[in-house]
Each structure stands twice: as structure tokens, then as C-alpha cells.
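Student: Questions regarding the structure given below will be posed in turn.
The values are calculated or read from the model by the stated rules, or taken from the named source; none is laboratory data. Predicted model, so just to flag it, every value in this text is computed and none were measured. In this analysis, Cβ positions are derived from the backbone assuming ideal geometry, glycine residues included, and neighbour counts consider all displayed protein chains. Protein only, heavy atoms only, side chains kept; ligands, DNA and RNA dropped before computing areas. Shrake-Rupley method; radii C 1.70, N 1.55, O 1.52, S 1.80 Å.
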Amino acid sequence: MREAEERILKVLLVRLDDMAGEVKLLGERVRQLESEVNELKSVKHRVSILEAMVSAQVNANYACDLRMHGLPYVEGEDLRTLYNTLCVALNLTPPPRIREIFRARRNGQSVIDPVT
């Protein structure tokens, strides 16, 4: 009976050693993966910074909003089409890019001289 217990104990010790080796390998893999995750987080952060910089650069390529003074209102007109037509007539092709175009209301306190 003692011999059987010793054989079982030896088998169990071998299995425990194998399991300890596997746990050690898994620990190394976990550390490596954690390192890669941290590196990916850093890259993701740098990419988000670069995206913000690119977005700012794209927006910098546009002129500010365009205000048109002295143009009579016509029902159903498209100011962007009018702007493009004016640019073509003035040989500004392609027309400078703008974000928005709108009519400025007449205001007695305006510091901008309306074109009449």
C-alpha cells in the first residue's frame, strides 16, 4: 500500500511540476500581452492626436464664413451657387472653399461697410 501511495505521489508531483511550468508560461504570455495592450493604447492616443491635427488642418483650408452685403433677396435662390457663379465670372476657379455663406442683415451699428 505504501508503494502505491508513493507512485501516486510521484505522478502527482510530476503533474504539479508540469502545471507550474504551464502557469509560468501563461504568466509570461499575460505580461507580454499587457505590454502590447499598453503599447496599443499609446498608439491609439497618438492617432487621436494626429486625427485632431489633421481635422484642424482641413478646417484651416477653408475660409471663414462668407457674408454678402447689398444683394437683394430672391425667393428660392442658393447663395452657394451665386457665390460660385461670381467666382467664375471673376476668374477665381476653382472658387475658394468656404464653410458657410449667408446674408448679413442691415444693422446701423455694424462696423462692416455694406457694399451697395
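Results for (1) acidic (Asp, Glu); (2) open to solvent by 100 Å² or more (accessible area, probe 1.4 Å); (3) outside any helix (DSSP H, G or I); (4) at pLDDT 95 or above, shown as yes or no for each residue.
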| residue | (1), (2), (3), (4) |
| --- | --- |
| Ala4 | no, no, no, no |
| Leu12 | no, no, no, no |
| Asp18 | yes, no, no, no |
| Leu25 | no, yes, no, yes |
| Val30 | no, no, no, yes |
| Lys44 | no, yes, no, yes |
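Student: Any residue at all in region 71-92 that is among the hydrophobic types (A, V, I, L, M, F, W, C), loosely packed, with under 10 Cβ neighbours inside 10 Å and assigned to a loop (DSSP other than H, G, I, E, B)?
Tutor: Within region 71-92 (the criterion being among the hydrophobic types (A, V, I, L, M, F, W, C), loosely packed, with under 10 Cβ neighbours inside 10 Å and assigned to a loop (DSSP other than H, G, I, E, B)), the answer is yes, since at least one residue qualifies.
Student: Kindly indicate whether Leu40 is at pLDDT 95 or above and either part of a helix (DSSP H, G or I) or surrounded by 10 or more Cβ atoms within 10 Å (Cβ to Cβ) (or both).
Tutor: Yes, satisfied.
Student: What pairs come up if the first residue lies in region 72-98 and is closer than 20 Å to Val58 by Cα, the second is exposed (fewer than 13 other Cβ atoms within 10 Å of the Cβ) and among the hydroxyl-bearing types (Ser, Thr, Tyr), and their beta carbons are under 9 Å apart, counting only those six or more places apart or on different chains?
Tutor: Pro96/Tyr62; Arg97/Tyr62; Ile98/Tyr62
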